[in-house]
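Nothing in this text is a laboratory measurement; each read-out follows from the coordinates by a stated rule. Not measured: the values here are computed from a predicted model. Because the Cβ atoms are built from the backbone with ideal geometry, glycine has one as well, and the counts that use them run over all protein chains shown.
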Amino acid sequence: MAQNSPADLLLARLEALESRVHELEDRAPSAPLSAPSSASTGAESTGATGTSGSAGSAGSAGSAGSAGSTGDSGAAGGTDVADPFWALTALKEHEPSPGAVVFAGAIDVGLGHLEYQWGRPVEHLLAADWAEHAEPVAALGHPLRLAILRRLLDGEHTVAQIVDELELGSTGVAYHHLSALQSGGWAMSPRRGSWSIPASRVVPLLAIITALEKG
C-alpha cells in the first residue's frame, strides 16, 4: 500500500484543524475577539465592505495562539473559559515540536468585515532571510506613518483629509510618508489623491500593534 505524500498529510492536518476551529466557533458564536487568537494556517481570507475573498498561502500547517491581554486570564474575550489558551492548545495538538507560528483575525472596521490568517513552520522562519523584511518594517518606524495608518483603517482618505485630521503643514509631508508606506506595502492609492490600506494588510498590521503591547 502506497504511503501518503507530504502534501496529502498536510491537507489532512489542515482539514482536521478547520473542523476544530468550526467546533470552537459553534461553542461561542457571538464572542468578540479582543486579544490575539488564531485558527488554522495555510490559507488567508480577506474581505472588505461586506465582500469576502480568499487566497491560498504557501506551505504552512497547524494553528497557533498567544496569551491574550484581557483581564488576568490571558484569554481572548469570549473564548472557552475552560481553556483560555484554546488556540495554543490546538497548535500543540496539530504541530509538535519544533512547532509553528500563526496569526489570524476576524474583524469589523471602517474598511468593512475582514478575515485573515497566516502561518509558517518555525523551521521556515528560522531559515528565511530576515533582511528581506527590512523595508516593510522600516516603513512603520515613524509616529506620523502609524497615525496615518490608523486613519486609513477607518476607511479611504484623501490627502486633504489626512492633512486636515493630522494637522500637517502641507500635502508634501503627507505624500512623503504615504510614499514610504506604499513602498512597504502598507498603503495603496486606489484612485488619484485617495489612499487606503490593502485589505490583506489590515490584520497583519493589527497583529504587529498587538504584539508590541506591554504586559
**Report entry** Restricting the stretch 135-215 to trypsin sites (Lys or Arg not before Pro) in coil, as DSSP defines it, with at most 14 other Cβ within 10 Å
**Finding:** ARG192, LYS214
Query raised in the report: Per the Kirkwood formula on distinct C-alpha pairs, the Rh of the stretch 131-211 is how many angstrom?
Result: 12.6
Query raised in the report: Tally Lys/Arg at +1 and Asp/Glu at -1 over every other residue whose Cβ is under 9 Å from the Cβ of HIS157; what's the total?
Result: -2
Query - Inter-site label distance for HIS176 and ASP129 at 7 Å from Cα along Cβ, in nm - result: 3.1
Report summary line: Counted neighbours (other Cβ, 10 Å), sorted fewest up, put GLU95, GLU132, GLU115 in the order GLU132, GLU115, GLU95
Requested in this report: Please report the Cα spread of the stretch 82-194 along all three principal axes, rounded to whole Å, starting with the longest.
Outcome: 53, 35, 24
Report summary line: Expected unfolding gain across LYS214-ASP83 under the 0.36 nm per residue rule, minus the alpha-carbon gap, is 44.9 nm
